[in-house]
Structures are given as C-alpha cells and as structure tokens.
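These notes concern the structure reproduced below.
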Amino acid sequence: MDAKFIKPKRFGEILDHTFSLTKSHFKDFFMIFLILMGPVYLLEAIVQLASGMNFFRQMGSGGSWYEKLLSGYQNTGSFDAGNISADIGLVVTGLLGFILYPVAEAAILFAVDHIRKNEEYTVRSLIKQAFSRFWPMLGSTLLFALIAIGMIVIPILAIAFSGGIASVINPIFGIVLAIILFFGFAIGIGLLLTKWSFYFGSVVLDKNSPGLTRSWRLTKKRTWKMMGMFIVFYLIISIFSFGVQTSFLPVLGNSVLLSIISNIVSLFTTLFFSVGYGVMYLDLKTRHDADDLKAMIEDYETPTLINE
C-alpha cells in the first residue's frame, strides 16, 4: 500500500498529491484519454472541415481584428439547410464524448487505485476494466444528470417567479430578493451535488450502483471541504483554459486548428481533474473506513467493559 494514500489528507495535501500523481504517471494517463477521446476530437475536426470552416484561420469582415473575429463566429454559427449534416455530425460527436468520457475517467480511477495498492497495470488493462463497468456508469451518470438538471431548473423558476412577484410590489425589493434566493439556492445545490458527486467512484471502484447513498455517507462532515476542492480545481482548469484560448484566439479565430488546440487542452484539464477526483474519493474512503473501524472497536470494547 502506498503510504501517501494511507494518511487522511488536508486541503493542500490533496492538491499536492494530485500534481505529483499527474506528473509521475502523465504518460499513461494521457494515453488513456488520447485513445478514448482522440478519435472523438478527430471526428469533430473532420465534421467542422466538411461544414466549410477554415483549418488555419476563420475571420469575417470588418475593420479591427475583434470585429473580424466576431463576424467569423456569426458566419460559422449561422444555421442553414446546407449545414444540417454538419449539425448532426456535431451532435453525434457530442454523444460519443458523453459516452466515452466516463470510461476514460473510470480508467484513471482504476489507475490511481492500482498505484495506491502498488499493483502493476497497463493502459490496455485499465481501459478494459473501465468498459467492464460501462452500463452501471452510464445508468448512474444519467440518473445524476437528471437530478442535477431538476435541482437547477426548479430553483431558477422559483427565483424568477418570486422575483417577478416581488418586483410588482417594489422593484428594488424584487432584485434584492432574487439575489438572496440565487446565492441561497446556489450554495444549497452545490452542497447537495457535492454530497452525491462521489457516486462515480463508488460505482467504479466499489461496484455499488447507483452509488448516491454511498457518496452521501462518504462526504459526511466533509461536504464543505470537498465543495471547496471542486471550486479550486474548477478555477485552476478555467484559468489554464482561458489563458490558452486568449493566446490563440486573436491569431486563429474560430478555426478548426483552434478547436483542435482547445480539445488538446481539454485532454490535459480533464486528466488533471480525473486524477484529483480519484485522490479525493480515496481520501474520503480512507477516512470513512477508519471511522467504521473505530466504531467496530468501540462496539467490541463496550460489551467487554460491561461484563467486567
């Protein structure tokens, strides 16, 4: 057993361990995502080329560079009957990505678990293991997605209705009420989704489907910390992605090459997040199993003390 996984980690230690694992096993992790998601991104590029998008540079008309850039987006984003096949192609690539991304993330989870146990593995064996959990992953992910959509849509409607009614009485009061409700719902939804978000690790590693109950138990007393970790990972990924986008966008515009670069960046960021998710899940599992062990010891010692 790898010693780094045995000890429960603090906030900074989870980040440090994530960076360390990503750096030391980057080749294997990247190959997993490249094998599974690479063909999807290649198909997306082919569809974009077939739809008439330029490979190196897509700019429209206008005086300054940003006017040309915006014009290029409008031209490529316009809908017409001739682009129906391209739209269908992009929908297909989106569905393939939705199906294969969980497989890639599951393979990373298996890899991190093998590293924890000091076990040998190959990229091929990891992908094979991930596909063995395909249907439970797909079903659980769809269930989680439906729950998440419901938890987001219903509060939005509630905020709009309450804010609209209050605005009739007093516009300022309506705005303030809408802001308060928005932040209140946002925090509540964030906490609930965090408590259920580790269903995926439960489905993959513990073979517990749909894993929502297991995730709820694992995050007991640690929900705020885990939500904070998700926010930190999101900020790191967003800053990195934004930096790359802003660097290449003025030069390449809305081109196929920019899309390819963005997808490559997406491989790096999703890889990093998947490793972090695995570290977080195994840390929760270590803490939970330790708590269960303490409870078992206490239950065993209590009757002994009573008998004495």
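The values are calculated or read from the model by the stated rules, or taken from the named source; none is laboratory data. Note that this is a predicted model, so its numbers are computed, not measured. As a convention, Cβ positions derive from the backbone with ideal geometry for all residues, glycine included, and neighbour counts pool all protein chains shown. The protein model used for the area step is the full one, side chains on, heavy atoms only, and it has no ligands, DNA or RNA in it. Shrake-Rupley method; radii C 1.70, N 1.55, O 1.52, S 1.80 Å.
Quick notes on this structure:
- Of all residues in region 75-122, those satisfying the criterion of being in contact with a Ser or Thr (Cβ under 7 Å, 6 or more places away or on another chain) and modelled with pLDDT under 90 are ASN83, ALA86.
- When THR246, THR270, THR286, THR302 are checked against the criterion of being over 30 Å from LEU43 (Cβ atoms) and either within 14 Å of the chain's Cα centre (by Cα) or at pLDDT 80 or above (or both), THR286 stands alone in meeting it.
- Only one of the listed residues (GLY201, GLY188) is touching a residue at least 60 places away in the same chain (Cβ under 8 Å) and either more than 30 Å from THR269 (Cβ to Cβ) or not hydrophobic (A, V, I, L, M, F, W, C) (or both). That residue is GLY201.
- Restricting the first member to region 110-139 and to residues that are under 19 Å from SER202 (Cβ atoms), and the second to residues that are of a type in the set (S, T, N, Q) and not in a helix (DSSP H, G or I), the beta-carbon pairs closer than 6 Å and six or more apart or on different chains are PRO136/SER209.
- Cβ-Cβ distances below 8 Å connect the following pairs, each with a first residue in region 38-57 that is touching a residue at least 24 places away in the same chain (Cβ under 8 Å) and part of a loop (DSSP other than H, G, I, E, B), a second residue that is surrounded by fewer than 16 Cβ atoms within 10 Å (Cβ to Cβ) and of a type in the set (Val, Ile, Thr), and a separation of six or more residues or different chains: ARG57/VAL251.
- Residue check for ILE127: assigned to a helix (DSSP H, G or I), more than 21 Å from the chain's Cα centre (by Cα) and crowded, with 16+ Cβ neighbours inside 10 Å: no
- Look at region 162-183: where a residue is over 23 Å from MET151 (Cβ atoms) and a partner is part of a helix (DSSP H, G or I) and open to solvent by 100 Å² or more (accessible area, probe 1.4 Å), sitting 6+ places away or on another chain with Cβ atoms under 9 Å, you get SER167/PHE173; SER167/ILE175; GLY174/VAL168.
- Considering LEU191, LEU235, LEU205, the condition of being modelled with pLDDT of 90 or more, closer than 25 Å to VAL103 by Cα and surrounded by fewer than 17 Cβ atoms within 10 Å (Cβ to Cβ) is satisfied by LEU235 alone.
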